[in-house]
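So the structure is just underneath, and the comments pick up after that.
The values are calculated or read from the model by the stated rules, or taken from the named source; none is laboratory data. Note that the coordinates shown come from a computational prediction; the quantities given were computed from them, not determined experimentally. Note that each Cβ is placed from the backbone with ideal geometry, even for glycine, and that neighbours are counted across all protein chains shown. SASA here: full protein model, heavy atoms, side chains in, ligands and nucleic acids out. Shrake-Rupley method; radii C 1.70, N 1.55, O 1.52, S 1.80 Å.
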Amino acid sequence: MKPLRLIGIFMLVGLLVITIGPLVIPIPPLPDPPPLSALVDEDSRFIEVNGIDVHYKQYGSGEPVMILLHGFGASTFSWREVMKPLSEYGTVIAFDRPAFGLTERPLPGSWKGESPYGVEGNLTLLLGLMDALGIEKAILIGNSAGGRLAVQAALTHPERVSGLVLVDAAIYTGSRRTFGILQPLIYTPQMDRLGPFFARSLAGAQGEAFLQAAWHDPSRITPEIQTGYRKPLHMANWDVALWEFTRAGSGSEDLAPRLKEIALPTLVISGEDDRIIPAADSVRLSADIPGARLVVIPACGHVPQEECPVFFLDAVEGFLKDHFSGSLP
């Protein structure tokens, strides 16, 4: 057989393996999900927003209204230490963003227009939740990717935001493309099939490593905290939703050039030992937003509201008293 013909055969076989292989590889199904009633907490609430059943929690009453936005892989659970203390100053609401917590996970093909898992979909859901709950304006308190969503809301709908608390916010890292040179492949039928399978790694060693990296002192992560983070992985279609969220957010807008447009009271909080979003990013963020206040918490990691709640609350309470004292109870 001629060498060129042999090379051609090998290339054809390789192409078939790459294109057809992912479509025929058996993917083990997830276990049947338990009933939602087995996963909810005593303070869980649900409300339909834009056709999605959204899980949220609410404490306190009156003004100001504070909406808590969790980060990647988290949920309302990540605010458990601070919701009730903050409710002494007004109304506090935390909700599960699409793909996380106990919020419904729409499947591809079930929506028209923008994906509920993308940036615009998240913004639309946030504003829709505010409308459904009768909230005209709110202080947005966002951790990590939730901080990024808070900034995007302030830039696109400043009339709905009264202040920002940005906690280890993913502003500068969030604009990088998730998949690099593989970006063109993420919407192929092959990745439609394999993507959710790859997303399941969150349930294993990678998810555990991410949780460990989020704390300055991982020895303080109790079995109860691990269980709280793993609970949403019992929801139906959680792997599909996580994949949709991951690819919908890839290559999102670079927010850095627009930070100077923010004209709202802003508090930037960072754990000094944040190994996911370096504290230097938060220092830069506080300098880029006009008039922003910076608080760096020593011996603390990426989730100060969980690991260092006393210091976190001290910073937020001081911010509220300085900028919203007229509306505090």
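Just a few scattered comments:
- Calculated from the alpha-carbon coordinates, the range 57-134 shows an Rg and a Dmax of 13.6, 43 Å respectively.
- Over the range 203-329, all Cα pairs binned in 10 Å intervals from 0 give whole-percent P(r) values of 11, 29, 34, 24, 2, listed from short to long.
- Accessible area ranking (1.4 Å probe, heavy atoms, ligands and nucleic acids excluded), largest first, for F198, F95: F198, F95.
- Where Rh is the Kirkwood radius over Cα pairs, Rg/Rh for the range 200-278: 1.05
- Once the Kirkwood radius over Cα pairs is known for the range 50-102, the Stokes-Einstein relation at 25 °C and 0.890 mPa s delivers a diffusion coefficient of 216 µm²/s.
- Considering only alpha-carbon pairs that sit under 8 angstrom and 6 or more positions apart, the relative contact order computed for the range 60-152 is 40 percent.
- Segment K321-A213, extension gain: residue separation times 0.36 nm, minus the distance between their alpha carbons: 35.6 nm
- Dividing the mean sequence gap of close Cα pairs (under 8 Å, 6+ apart) by how many residues the range 32-189 holds gives a relative contact order of 21 percent.
- Cut-off 14 Å between beta-carbons: net charge of the residues surrounding L155, Lys and Arg +1, Asp and Glu -1: -2
- Restraint check, K84/K112; K57/K321; K84/K137; K231/K321, Cα-Cα greater than 27 Å: K84/K112; K231/K321
- Ordering D168, D32, D288 by accessible surface, largest first, gives D32, D288, D168; the 1.4 Å probe counts only protein heavy atoms, with every chain in place.
- Sorting the segments 129-139, 199-209 by their mean number of nearby beta carbons within 10 angstrom, highest to lowest, gives 129-139, 199-209.
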